[in-house]
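Every number here is computed from the coordinates shown, using simple stated rules; none is lab data. Keep in mind that what you see is a predicted model, and the values were worked out from it rather than measured. Using ideal geometry, Cβ is built from the backbone for each residue, glycine included, and neighbour counts are taken over all protein chains shown.
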Amino acid sequence: MSTRRLQTPLGEVAFDHGAQYFTARDPSFKRLVNDWQCAGIAAPWPEAGNDIWVGVPGMNAMVRHMAVSHKVFWHHLVVSVCRRAGSWWLLVDGRENGPFDTIVLAVPAEQAAAILSLHDFGMARKALMSRSQPCWTGMFAFDRPLQALPDIMRDRGSIAWAARNSAKPGRSGPEAWVVQAGAAWSADRLEASPVDVIEELRTSFAEAAGGGPLPEPVIEQAHHWRFALSAGTGDGALWNADLGLGVCGDWLVGPRVESAWVSGRLLASKCLKQNRLGTVPYAKSA
C-alpha cells in the first residue's frame, strides 16, 4: 500500500505504485473501512467497480493512520533474528536490539522462509511452498490530460493494469498514470534495469492506449515488486506459542489487502489467547 511522491516541473505528483485498491468483504474489516471513510482517509472508487476502495490522499493513508498510536521505526533493515536464553534479539543496521518476548513476521513468504528455517521448519516449509509473482510498475506524469483514454485499462497486451492515478478520489495535481505489467512479462525481466524497463513500459502503454503517440512524460520511473502477488496457502496465520514466533500476511490467505488484515487479526487472536489478554478489537488489529 505504497504511494510515491515525485517533484516535477509541474509540481509534486503522487503515484499509488503498489496496491491499486482494496475490497471489504469480511464483516469486521467492513466496519473498519467505514471508520476510515468517516475519518476521511478512505473513499469508494466506483469507476473501478463495486466494493472498490482507495486510501485518501494516497494508498498509504490507512497505514499511517494505524501507525500513529504505536512506536514505529521506519526504514530499518533487520539482518537476522536470533533466540537466546528464552528471548528474541534482532540485528538491525549492525546493532543488536532486544530482548523481545515475541517476534511477528509480516513479510512476503520468500523473505519469511529465510528467517523461519532457523527456528521452525514446519513454518518455513509452508513459506517455501508459497511463491509470489513479480510485477514491474511504471509511473508516468504528463503536462496535459490523455483525454482519449478511460481512467482504467485492464489486460491490454503486456499491460495488466493501467490507471489514471490523478482521477482517483481525493487526488489532485498533474496527469499521472500507474502502469503495471503482467506477471509473465515481469518475470521475463526479473533482473532488468529500471531504465530499460521504463522504456518498454512506455511503449507498451502507448500500444495499450491505441498505438498513437503519447506526449513526452515530464517524469517517469519504474519500480520492481519482486514479491507482488501471492496465491494464498489457506493457513490464515502461523503461531508457535513455545517460541513466541508468529507469521501473518496476505500469502497465508489470498492476494488482497483485506487478506493481509484478516491474517494479522487471526495472529493477534492467537497471541492474545496464549497470553489470556482478551479479544482483538477490530479497529486495533492491523
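List of remarks:
- Top positive-direction residue, dipole computed over region 1-105 with Cβ charges, set Ala67, Val54, Pro27: Ala67
- Rounded tilt (10° steps) of 27-38 against the dominant C-alpha axis of the chain: 50 degrees
- For the chain, lysine pairs with C-alpha atoms less than 24 angstrom apart, excluding pairs fewer than eight positions apart on the same chain, total 11.
- Hull volume per residue, based on the alpha-carbon atoms of region 1-121 and their convex hull, is 180 Å³.
- Ranking Ala208, Gly254, Asn240 by how far each Cα lies toward the positive end of the dipole of region 192-255 (charges on Cβ) leaves Asn240 at the top.
- Across region 52-176 the C-alpha pair distances fall into 10 Å bins from zero in the proportions 9, 25, 27, 22, 14, 3, 0 percent.
- Size of charge dipole - the chain - debye, nearest 20, with Cβ of Lys, Arg +1 and Asp, Glu -1, no other charges: 1100 debye
- Relative exposure of Cys271, Cys82, Cys248, Cys38, judged by other C-beta atoms within 10 Å (fewest first): Cys38, Cys82, Cys271, Cys248
- Globularity index of the chain, i.e. its alpha-carbon radius of gyration over 2.2 N^0.38 Å: 1.08
- For region 179-238, the Cα-based Rg and Dmax, in that order, read 15.1, 50 Å.
- Distribution of pairwise C-alpha distances over region 111-210, 5 Å bins, in %: 2, 12, 19, 17, 13, 11, 9, 7, 6, 3, 1, 0
- Put in order of Cβ neighbour count within 10 Å, fewest first, the listed residues Val179, Val13 become Val13, Val179.
- Most mobile listed residue (His75, His17, His224) in the chain, GNM with C-alpha springs under 10 Å: His75
- Listing Lys273, Lys126 from fewest to most neighbouring C-beta atoms within 10 Å gives Lys273, Lys126.
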